[in-house]
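Below is one structure, written out as structure tokens, with a few remarks after it.
Just so it is clear, none of the values below were taken in a lab; they were calculated from the coordinates. Remember, it's a predicted structure, so these values are computed and weren't measured experimentally.
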Amino acid sequence: MAASSCATDAMVVFDGSASMSEITFETGLKTRIVEAREAIERVMPEIEAYRRIGLMTYGPDGEDACSGIRLAFPPIDRAASLVVAELNALTPAGLTPLAAAVEQAAGVLSFRERPAIIVLVTDGNETCGGTPCALSNRLAAEARDLTIHVIGFRANRDFFAWDNPEQQIFAGDTVAKCLSDRTGGLFLGTETVDELEDALRITLGCPLTGSVRVPRQARGG
């Protein structure tokens, strides 16, 4: 059964890879990282009132392009200001070892012993040779009660990803969707700051605190 309690500890796994610094047609003069920070800053103060949040990032500061996975802090009370400060200080770089980052986040949450939630925020696919689908099968088999939600922020399929061996499974979504499909979570495709904000509320928020707009690509497993 998917972890659903409003008090269940959660880890946010945040994409800090180089592509988050890109300016695209959709973002205008703002990069993806700037818009993601805006959404986080608005939502986290609401969530910290009832849920302990931890943060893990991936991308920058590794010995190579795939080793930059960093635990900022495990789930703590009143985490909003720390989350905002960590992401404001993050300079996007490197590739996307999202499977390894999610696996490490699950370990931080002691997912075999207690209920846990992971929310992965990513703008792309696994690009470090990880296998999110195989990982999700293993995590689901070993977990006491683990739910992984995936928020794609302008995330597109990479048809030519030689280092993404599972991508052919999906017709049009990032392979990270495996993680949500196989743990009872949601895959939420977002294009705007408002949609990202709503997706964070849906995945980290408490259902009893009010209603939000559901992003267009909300899907369960």
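Taking a ≥ b ≥ c as the square roots of the eigenvalues of the Cα gyration tensor of segment 58-161, is the shape rounded (a/c under 1.5), prolate (a/b larger than b/c) or oblate? Cα axes put segment 58-161 in the oblate bin. At full extension, residue 6 and residue 84 could sit 26.0 nm farther apart than now, given 0.36 nm per residue minus the alpha carbon distance. Relative to the current alpha-carbon distance between residue 73 and residue 112, full extension at 0.36 nm per residue lengthens the span by 12.1 nm.
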